[in-house]
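Take a look at the structure set out below.
The values are calculated or read from the model by the stated rules, or taken from the named source; none is laboratory data. Please read all numbers here as calculations on a predicted model, not as lab measurements. With ideal geometry, Cβ positions are generated from the backbone for all residues, glycine too; neighbour counts draw on all protein chains shown. With ligands, DNA and RNA removed, areas are computed over all heavy atoms of the protein, side chains included. Shrake-Rupley method; radii C 1.70, N 1.55, O 1.52, S 1.80 Å.
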Amino acid sequence: MYYNWKEATNTEELKVICNLIRNGEIVIFPTETVYGIGANALDANAVGKIFIAKGRPSDNPLIVHLADKGKLGEIVEEPNEVEQKLIDAFMPGPFTLILKRKPIIPDIVTAGLDTVAIRIPNNVIARGIITYSGVPIAAPSANVSGKPSGTNIEDIRKELEGKVSAIVDGGETEIGLESTVVKVNEQGIPVILRPGKVTPEDIERLIGKVIIDNNVLQKVDEKEVVESPGMKYKHYSPEAKCKLICCQDDLDEIFYIKKYIKEYQGNVVVIGFEEHKEKLFLEDERFIAICNKGDLEKYAKNIYSALRQADKVNPKMIIIEGVKKQGIGYAIMNRLLRTCEYDIIEK
């Protein structure tokens, strides 16, 4: 079933959606970050349907979504002082905190870990569904595992329709990248496991110190146990092979892009900055202008759709211009490194 809520939530349809979730079915719905594919987090069988629909490895934990902070005590142990500061500052919003779970959360949600990732979305549709379902909702991004996440229904409907009981279309998501995931270590320091809209600078201003996990910008061994989604396995990737080019100097960047255009005899798509389009002499379908250079917010919002658009041309190579690792740029580069399987030129 498909429901169009781009203009407004339909109360009668909301009741249908919530009944589906309570009865162990899975649905696709928007959040402010990306679309999610959700199920009752307290129902192990329902959560299992998410893994089947996505083709998701069972050792990749899910995020549990709540409607408000008052529900935290039902599924996690009491937060410490630093954790509470993070909750107060960034929830609701594009922020996920890993906390000690209570036994009510099934092992399948957490990949058997004694912790669970918790988020309170700031999207009206998402919070309405969680509230009126009356249960916490486990929800990873709505896409087939390994593919770019969905920021609008058009990008993901074909690959997931028939695998879920309902699809709620709320239009384009606001942010375009998944939430920041944080765990507070034994020293009381927040550790960013997956960067997002809430930046290292935001957390540092609040707490005074923050650590970016080493695995954020490097490849993770698939045998390693991880506490956050998006840390291992191939992620965010179109069908075509991708190469990431990230140079300080624009001339160097253009040089390398032209080099690979020549190497692949023009059978490439470049996802790049508007200012560079005229310098590359590519047909419109071969150059996707993602934003003006430096507009990281727009870059983050558009990158997944751009990757999917690039794939439609069936190129031998997708060349992607990277960004500086600062602010939300950390999150963008984290995703792109996994998109390109760490095939990067940096200068």
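Here is how the numbers come out for the structure above:
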read-out: For region 1-95: Kirkwood Rh in Å [reciprocal of mean 1/r, alpha carbons]; value: 15.4
read-out: Antiparallel DSSP beta bridges within the chain, as percent of all bridges there, nearest 5; value: 40
read-out: Amide hydrogen neighbours beyond the local backbone of CYS291, cut-off 5 Å, H modeled; value: GLU274
read-out: Among THR180, THR33, THR11: highest mean-square fluctuation, GNM of the chain, C-alpha pairs under 10 Å; value: THR11
read-out: Separation in nanometres of the label points that stand 7 Å from Cα toward Cβ, at GLU186 and LYS219; value: 3.1
read-out: Rounded percent of accessible protein surface that carbon and sulfur make up, the chain, 1.4 Å probe; value: 47
read-out: Per residue accessible area in Å² of the chain, where ligands, DNA and RNA are left out and the probe is 1.4 Å; value: 43
read-out: Pairs of Cα atoms farther than 17 Å apart, region 225-324, %; value: 50
read-out: Normalised contact order of the chain, rounded percent, pairs of Cα under 8 Å and 6 or more residues apart; value: 19
read-out: Principal axes of region 279-347: Cα extent on each, largest first, Å; value: 32, 25, 24
read-out: Over 13 Å [Cα-Cα, region 1-49], rounded percent; value: 60
read-out: Förster radius 25 Å - calculated FRET efficiency between ASN4 and VAL313, Cβ distance, rounded to 0.05; value: 0.30
read-out: Lone cysteines, the chain (no partner Cβ under 4.7 Å); value: CYS18, CYS246, CYS247, CYS291
read-out: Relative intensity, log₁₀ I(q)/I(0), of region 70-168 from a Debye sum that treats every alpha carbon as a point, q = 0.17, 0.22 Å⁻¹; value: -0.93, -1.31
read-out: Rg/Rh (Cα only; Kirkwood hydrodynamic radius) as it applies to the chain; value: 0.97
read-out: Degrees between helix 11-22 axis and first principal axis of the chain (Cα, 0 to 90, nearest 10); value: 80
read-out: Given charges at beta-carbon only (K, R positive; D, E negative), |dipole| of region 4-85 in Debye; value: 320
